[in-house]
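Below is one structure; the comments refer to it alone.
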Amino acid sequence: IGKEYVPGQQDDDDFEKLVLQRFDLALRKFITGVNDEEVTERIPIFTKNADGTHTYEHPKTPLGVVNGDLVTYTLRIYNEGTRDAVAALVKDNIPAGLQFIPSDDLNKKYNWKMLDENNNETTKVSEAKYVVTDYLSNSVIKAYDSTTMDTLDYKDVEVAFKVIAEESTKNEITNYAQISK
């Protein structure tokens, strides 16, 4: 009702107020490496606007690769909400033209598991349609307070794929990821 204090009707009634908080995780995916070359110009730039809102800016122009290249993606998960949160499961779709490499040290580090088209775990690279990781399941991403914070808290996971697309200058591979839990 918008008042700090509301007196009870009699001596025997009392109440407690609740404040509804929310968590709001946002995922930004960007390329951070091709083969052994680091890519830094695609990292999102966070901007806090005067009205308390915020924006991210990073290039989305296609990056040139050839068959056999190893592409490393960083999946950065920000907390835009007013409550601490955890990204318990992150899922990455494997598009045509990319192949997951289970033996890659980076993929092992982040505990990526392959799933088939029915979301069942598989050990066969040829059956893999998705990869998932619970690497961040014990990592709290702090809530955002626009009055005291100049940036959002975030956590990163990385994943590596091998390019296996047919040779063509017009092929574009789009790779999508999501926070599943």
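For the chain, what is the mean residue ellipticity at 222 nm derived from helices alone (per DSSP H run of n ≥ 4: -39500 (n - 2.57); sum divided by total residues; nearest 500 deg cm²/dmol)?
Result for the chain: -500 deg cm²/dmol, rounded to the nearest 500.
Summarise the accessible area of the chain (1.4 Å probe, protein heavy atoms) by the percent that is carbon and sulfur.
That fraction is 46 percent.
So what is the accessible area of the chain per residue, in Å², with the probe set to 1.4 Å?
66
Taking the Cβ of THR123 as the centre, find all other residues whose Cβ is under 12 Å away and add up their charges (Lys, Arg: +1; Asp, Glu: -1).
After counting each charged neighbour, the total is -1.
Kindly rank 153-165, 105-117, 55-67 from highest to lowest mean number of other beta carbons found within 10 Å of each residue.
In decreasing order of mean packing, 153-165, 105-117, 55-67 become 153-165, 105-117, 55-67.
Working with all protein chains in place, sort ILE173, ILE101 by solvent-accessible area computed with a 1.4 Å probe, largest first.
If we order ILE173, ILE101 from most to least accessible, we get ILE173, ILE101.
The values are calculated or read from the model by the stated rules, or taken from the named source; none is laboratory data. Fair warning: this is a prediction, and the values are worked out from it, not measured in the lab. We place every Cβ from the backbone using ideal geometry, glycine too, and count neighbours over all the protein chains shown. What goes into the accessible areas is simple: the full protein's heavy atoms, side chains included, and nothing from ligands, DNA or RNA. Shrake-Rupley method; radii C 1.70, N 1.55, O 1.52, S 1.80 Å.
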